[in-house]
Structure formats: structure tokens, C-alpha cells
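Step one of this worksheet: look at the structure below.
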Amino acid sequence: MTKIISPSILAADFGNLQAACEMINASEAEWLHIDVMDGTFVPNISFGFPVLEAVKKHCKKPLDVHLMIVHPEKYIARFAKAGASVLTFHYETVENPLEVIELIKSEGIKVGITINPDIPVSVLEPYIDKVDLVLLMTVFAGYGGQQFIEESYDRIAELKEIIKRKNAQCLIEVDGGINAQNTSKLFESGVNVLVAGSAVFNAPNPIETIHDMLNT
């Protein structure tokens with residue numbers, strides 16, 4: 001089973017993103033997660049293209065870019081050019097998810113689709129076999145440091161059932177409230193990719209923490 005830790009740079013020291021990237025390069029993390037927020041879909045603003053381009057210069061790992069923005073279709077080509085290896089958009093922000101999926105695929109990068117905790121998992125069924133990953137938010141998108149929503153395990157089980165029924169190959173990713181206490185249970189429940197922010201970057205030894213998360 002695929003097991004990936006994708007640390008969220010939103011929790012890193014913004015004054016030294018190069019050092020954060022170098023830590024990721026030296027670690028067992030396979031991806032680096034980058035949250036893009038527009039202040040409209042979510043009540044916060046984060047990275048834009050210049051930061052993504054700067055991170056790309058220093059990070060050797062694939063950039064796992066999560067778009068929390070309205071009208072993501074307008075910016076897909078620019079995010080691909082800026083260095084995204086995986087580009088995930090919110091189902092809630094688009095009128096035609098299939099169109100956005102095809103736009104991302106046309107850039108030659110992996111495509112993900114995501115939903116907030118208040119959106120039924122069933123809405124994703126038509127797209128499960130057309131994407132590379134499904135991201136289930138385990139907190140509400142927009143802020144780091146929130147507490148994991150325990151009902152997420154039921155949503156993960158429902159998503160797994162849909163993937164099996166559709167004979168799809170997409171990975172399951174979760175984001176929000178991930179820490180050393182729940183990583184083992186999440187991997188056991190069938191999750192492939194864990195996005196961890198403060199649990200990694202605020203740890204005394206982030207490289208060791210990433211190793212422990214993968215091997216608990």
C-alpha cells in the first residue's frame with residue numbers, strides 16, 4: 001500500500017522557506033503540500049505564484065498544490081508552469097468538475113479533487129475514476145492547527161467503498177489535524193497520503209517525526 005507524508009509548508013517558518021525545503025529534501029516525505037487560499041472561498045490568504053516558484057527552486061520533492069480558490073480553472077496553466085506536480089481543486093468551487101479535471105490533465109500533471117467535511121462524499125462518485133487522488137478535508141479548509149474531525153473515518157470508509165465499486169486507482173489523501181496520535185489509524189483505514197503541518201514543522205526533530213509517522 002502506498003504511504004506518503006506530504007508536510008504542509010503553511011506551518012513552516014516563512015522567514016526561511018529555503019531551510020524548510022532543505023529539511024523536506026533530506027526527509028522521507030515524498031511530497032511537499034502547498035495550500036493556496038484566495039480570501040474568498042476560504043477566509044484566509046496564503047501563497048501565490050512567486051512563492052510557489054521560489055519553493056520549486058529549492059524543493060526536490062513533488063509539489064502537492066491544494067487550491068482553495070474560486071474559479072481555479074483560470075489559473076491551472078500558471079500553477080503547472082510554476083511547478084505544481086499535483087493540483088487539487090475543490091468540488092464546491094466549480095460548475096463543471098470534469099472540465100477542470102481535463103484542464104489539469106492537459107498540463108501533464110496529476111489531478112486531485114477535494115471536498116470540505118460538510119459535503120457528502122457521494123458527490124465525488126462521478127469523478128473517482130478520472131482523478132489521481134481524492135482529498136478529504138478532515139477540518140474545514142482555510143486555517144492550520146485545527147482539531148481532526150473524528151467522523152472523518154466514516155467518510156474515508158465510504159470513499160474506499162466507492163473507489164472499490166468503480167474499480168478506480170486514485171489515492172486517498174487527508175488534510176487537517178494530522179499528528180503522531182492518528183497517523184497509524186489513518187493509514188490502517190486506507191488513507192495513502194497524510195498532509196501534516198504543525199505536527200511536522202513544530203516538532204523538535206521534523207525529519208525524525210516524518211520517519212515515525214511513516215513507520216508507526
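No lab work stands behind these numbers, since they all come straight from the coordinates. If you're wondering where the values come from, they're calculated on a predicted model, not measured in any experiment. Here the Cβ positions follow ideal geometry from the backbone for every residue, glycine too, while neighbour counts run over all protein chains shown.
Taking the chain, the Cys residues with no second Cys beta-carbon under 4.7 angstrom are Cys170.
Charged neighbours of Gly83, selected by a Cβ distance under 14 Å, balance to +4 (K, R count +1; D, E count -1). Using C-alpha pairs below 8 Å separated by at least 6 residues, the relative contact order for the chain is 23 percent. Assuming charge only on the beta carbon of Lys and Arg (+1) and of Asp and Glu (-1), the dipole of the chain about its Cα centre is about 540 debye to the nearest 20. Non-local lysine pairs in segment 4-215, meaning eight or more places apart or on different chains, with alpha-carbon distances under 17 Å, amount to 16. Our helix-only sum for the chain, with -39,500 (n - 2.57) per DSSP H run of n ≥ 4 divided by its residues, gives a mean residue ellipticity at 222 nm of -9500 deg cm²/dmol. Expressed to the nearest 5 percent, the antiparallel share of DSSP beta bridges inside segment 4-215 is 5 percent.
Seen from a random direction on average, the alpha-carbon convex hull of segment 106-216 projects onto 7.6 square nanometres. According to the calculation over all Cα-Cα pairs in segment 4-215, the P(r) per 5 Å bin from zero is 1, 7, 17, 21, 22, 17, 10, 4, 0, 0 %. In the frame of its principal axes, segment 1-103 has Cα extents of 40, 35, 22 Å, reported largest first.
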